[in-house]
Structure formats: structure tokens, C-alpha cells
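J.: Have a look at the structure that comes next, please.
The values are calculated or read from the model by the stated rules, or taken from the named source; none is laboratory data. Everything quoted here is computed from the prediction, not taken from an experiment. Methodologically, a virtual Cβ is constructed for each residue, glycine included, from the backbone with ideal geometry; neighbour enumeration extends over all protein chains shown. When the accessible area is computed, the model is the full protein with side chains, heavy atoms only, and any ligands, DNA or RNA have been set aside. Shrake-Rupley method; radii C 1.70, N 1.55, O 1.52, S 1.80 Å.
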Amino acid sequence: MRIVLIGPPGAGKGTQCQRLLEYLDVPHLSTGEMLRQAVSGGTREGQQAASYMESGQLVPDELIVGMVSQRLMRPDCRAGCLLDGFPRTLRQAATLDEFLERQAMTLDGVIELAVPRDELVRRMLLRKREDDDPEIFSKRIESYQRQTAPLLDYYARQGKLKSIDGLGSAEEIFSRVCEAVEGFVARHDEPEDDSA
Ligand code: ADP
């Protein structure tokens, strides 16, 4: 299975990703994680990315697309992977589609973890992690709304989007995630309509 998980900052994507990875038994492709490693390793990409990340902005598409395509080419991703934090812009999504098509790979589905903005802010104030500076957090929500939310429409048009309610206990939400995955599997197994 090749699945994308999309959600605003504070939606609980991390928790659901952990569970989904075990469930699907596929590698985790987290661009946030890859970038943090690049920053701490002091690579050229890391140096370029650091200031964007610190200020809550997205790093430039060129930088991220190169890292992701290299990762997707590794043999462990052949059978599938969980894409977490990528794509985050329409350009990244279009580039991903082109890349997958060239590699004869497909995206099985996209899951949106939907959480209203008020709730995101409330959660952020409650957990108060040190990287949760309220101003930077708002910046990240803003870039989500402006740059990432348009992807929902993009994938809905492809018939790939499943939006799930991100409110409730981690268990409740995970059962919704699993239902979404089962829906992708079912769609997969449908015979192709070649009557046209
Ligand atoms: P979050 O903490 O919102 O889950 P991540 O850990 O996924 O964020 O990513 C941390 C930071 O790395 C982002 O705020 C952004 O600056 C950068 N980043 C991660 N993925 C991408 C991407 N696909 N495109 C651009 N920037 C990204």
C-alpha cells in the first residue's frame, strides 16, 4: 500500500502514523524527520532548510522533491510506504504523481485527518512543547491552510481522498483510519472498468 497522510499541525498525525505503520508494515517516509536529520547532520540540504523550518515556513519544493524521490527509489519502498508530511504543496503533489507514473507505481489513497483550527490551538496551548511557540505555530497553521489544504481538492478530484474526523480518542481515530485503508483496498480489488 502506498498511502499519504495529511493533516494540519497538531492534528495527531504522529500518533496515527505510528499505529498505521505497524498495521501496514511499510516504511515510513517522513519529510520532517528526513529534514531534521539533514539539519543535525549539517548536510548542504540541511543548511538550506534550517531557517525555513525554524520560522514555520515550508522549505522550497526543489529541495524536498529530490530527497523524496531518492527515498522512493530504495528497494524497501517498492511494495509501498506511508508518506507523512509530503506532499505539502500542489507542486509537490504533481511532481509526485509524475514520478510515480514513471516508476509504474500508484498511490492507493490519501487520508486527511480533519481537525478544526480552534481545537488545534487549544491542543497546542495544552501540550506546550518547546517547539510550539504560539506565533510559529500560527505560521505553520497558516502555511497549511494556504499551501497544503488545496491538495485535498486535488486528491478528491482523483477520487483518492478519504477525510476522517480527527476528534476523539486515539483508538477511535485509528479505527477510522483503518476503515479508510480498507476502503482503498476494496477499491483496489474492484475489476477495472474497461467497458468504455
Ligand atoms: P510537523 O511538525 O508539522 O509535523 P514536520 O515534522 O512534518 O512538521 O516538518 C517540520 C518542518 O519541515 C516543516 O515545518 C517544514 O518547514 C519542513 N517540511 C517538512 N516536510 C516538508 C515538505 N513536504 N515541504 C516543505 N517543507 C517541509
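J.: Rounding to the nearest 20 debye, state how big the charge dipole of region 2-189 is about its Cα centre with +1 on each Lys and Arg Cβ and -1 on each Asp and Glu Cβ.
T.: Charge dipole, region 2-189, about its Cα centre: 200 debye, nearest 20.
J.: Counting pairs of alpha carbon atoms under 8 Å apart in space and at least six apart in sequence, what relative contact order in percent does region 2-189 give?
T.: Reported relative contact order: 34 percent.
J.: Using the Kirkwood radius built from alpha carbon pairs, what does the Stokes-Einstein equation give as D for region 99-186 at 10 °C and 1.306 mPa s, in µm² per second?
T.: 105
J.: What nm distance separates the two modelled labels at residue 157 and residue 178, each placed 7 Å from Cα along Cα→Cβ?
T.: In this crude spin-label approximation the distance works out to 3.5 nm.
J.: Turning to a different aspect of this structure: How are the Cα pair distances of the chain distributed, in percent, across 5 Å bins from 0?
T.: 1, 7, 15, 19, 21, 18, 11, 5, 2, 1, 0, 0
J.: Quick one: accessible area per residue over the chain, 1.4 Å probe, rounded to a whole number of Å²?
T.: Roughly 55 Å² per residue, with all protein chains present.
J.: Mind checking which of 80, 121, 53 is farthest towards the positive end of the chain's charge dipole, using Cβ charges of +1 (Lys, Arg) and -1 (Asp, Glu) about the Cα centre?
T.: Of the candidates, 53 comes out farthest on the positive side.
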